[in-house]
Amino acid sequence: MRGGMRLLSTKILTCAVIIGVFFSFTRQSARSQTAAVSDSPQLEALRKRGYVRLGLSNEPPWTVIDAEGRTGGAGPDLTRAVFQRMGVRELAGVLSTFGALIPGLLARRSDAISSGLFIRPGRCQAVAFSEPDLCDREALLMKMGDHPTLRTYRDVAADASVRIGVPAGGTEQREAQAAGVPADRLLPVPDGPSGMIMLRAGRIQVYSLPASSAQHLADLWQGQKFSLVLVGGTPVMCAGTAFRPDATALRNAYDRVLATLKSDGTYDRILRAHGFDPGLARGHTRRELCGEEAPL
Ligand code: 6CS
């Protein structure tokens with residue numbers, strides 16, 4: 001009887017050791033799997049908290065807040081996939097106007113921005129961008145049949161009868177200014193629906209924004225007959241996910257996972273689902289878009 005008890009306790013002890021070794025092994029292996037992306041204290045903090053706060057403006061198809069308040073669109077869906085692979089399960093959208101995205105990030109209201117923020121040399125001084133993710137051309141939206149000869153911001157500058165609407169704080173505002181459009185004919189627009197109302201009411205004759213956003217609005221306002229032309233003489237613009245300048249380790253970890261998603265098909269699937277061309281960003285780098293090196 002005593003011998004039987006001893007045998008039983010030896011077996012229990014052996015089982016406990018095996019289970020202990022197994023759990024310590026799986027813990028270690030989980031740790032080593034995430035080691036490549038966990039060399040950032042900011043990432044560790046996000047993992048512990050369980051969610052990342054993402055600054056975004058509502059601009060389909062880049063970003064979409066649906067009727068139930070769920071966050072989607074190409075930027076957030078891609079960023080969610082990257083962060084989930086980094087061990088951060090949830091994404092909380094922090095809604096903002098476009099022009100307030102960077103100030104909001106710097107004021108720590110968000111942890112990152114994924115809202116189609118184009119990588120531009122000036123912005124690279126303020127935030128730490130990921131490698132490029134979403135690219136698009138610029139477009140001019142107008143009432144069908146109006147101003148059929150307008151193709152560039154210079155054309156707009158040359159026609160004193162044309163007022164142009166641009167996303168407030170956006171690239172189009174700078175490009176139009178640089179082409180010589182005077183301030184009294186350059187109207188900042190807070191969001192897409194406001195731009196369409198201004199266009200319809202004749203307060204602006206042209207509304208400039210990325211082609212995918214312009215197409216989305218034209219489709220939405222189908223009955224009203226708007227036409228769209230790509231802006232001549234402007235390059236393809238590429239966005240990246242933006243981090244605070246003190247979060248480059250987090251950004252580097254993000255970049256490593258983004259590269260994996262670009263090679264395993266996840267990136268292409270997400271972009272195509274939102275109508276973006278996954279080939280475009282592959283021809284560009286952050287360094288080049290920040291003005292640090294020549295294009296590929
Ligand atoms: O980054 C920008 O400046 C532009 N990006 C988008 C997606 N929309 C408007 C804005 O001008």
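Please compute, over every Cα-Cα pair in region 138-230, the percentage with a separation greater than 16 angstrom.
Working: 1924 of 4278 pairs.
Value for region 138-230 (Cα pairs over 16 Å): 45 percent.
Taking K and R as +1 and D and E as -1, what net charge do the other residues with C-beta under 10 Å from the C-beta of V162 add up to?
-1
In whole percent, how big is the carbon plus sulfur part of the accessible area of the chain, probe 1.4 Å, protein atoms only? Mind showing how you got there, number by number?
Details: 8300 of 14650 Å².
Ligands and nucleic acids excluded, carbon and sulfur reach 57 percent.
When DSSP assigns beta bridges and you keep just the ones with both residues in region 138-230, what percent turn out antiparallel, to the nearest 5? Mind showing how you got there, number by number?
Values: 9 of 15 bridges.
Taking every DSSP beta bridge within region 138-230, about 60 percent pair in antiparallel fashion.
Find out how many positive minus negative residues lie around A239, taking Lys and Arg as positive, Asp and Glu as negative, among other residues whose Cβ is under 12 Å from that of A239.
Values: positive: R120, R123, R286; negative: E59, E131, D133, D136.
Charge balance in the 12 Å sphere: -1.
Give me the compactness ratio for the chain, meaning the Cα radius of gyration over 2.2 N^0.38 Å.
1.29
Distance in nm between label sites at R49 and L106, each 7 Å beyond Cα in the beta-carbon direction?
Placing both labels 7 Å beyond Cα along the Cβ direction yields 2.0 nm.
Given region 60-128 reduced to its alpha-carbon atoms as identical point scatterers, what log10 I(q)/I(0) does the Debye formula return at q = 0.13, 0.28 Å⁻¹?
Here log10 of I(q) over I(0) equals -0.38, -1.41.
Highest first, please rank the peptides 255-262, 166-173 by the mean number of other Cβ atoms sitting within 10 Å of their residues.
The peptides rank, most packed first, as 166-173, 255-262.
State which helices in the chain qualify, where a helix is a whole DSSP H run, it must extend 15 Å or more along its own axis by its Cα atoms, and its mean Kyte-Doolittle hydropathy must be at least -1.0. Let's see the in-between values first.
Values: long enough: 2-35 (48 Å, 0.45); 74-85 (17 Å, -0.36); 248-264 (24 Å, -0.35).
In the chain, the long hydrophobic H runs are 2-35, 74-85, 248-264.
Can you give the helix-only mean residue ellipticity at 222 nm for the chain, where every DSSP H stretch with n ≥ 4 adds -39500 (n - 2.57) and the sum goes over all residues, rounded to the nearest 500 deg cm²/dmol?
So the calculated ellipticity at 222 nm is -13000 deg cm²/dmol.
The values are calculated or read from the model by the stated rules, or taken from the named source; none is laboratory data. Given the structure is predicted, the values throughout are model-derived calculations rather than measurements. Here Cβ is always computed from backbone atoms with ideal geometry, including for glycine, and neighbour counts include all displayed protein chains. Surface accessibility is based on the protein's heavy atoms, side chains included, excluding ligands, DNA and RNA. Shrake-Rupley method; radii C 1.70, N 1.55, O 1.52, S 1.80 Å.
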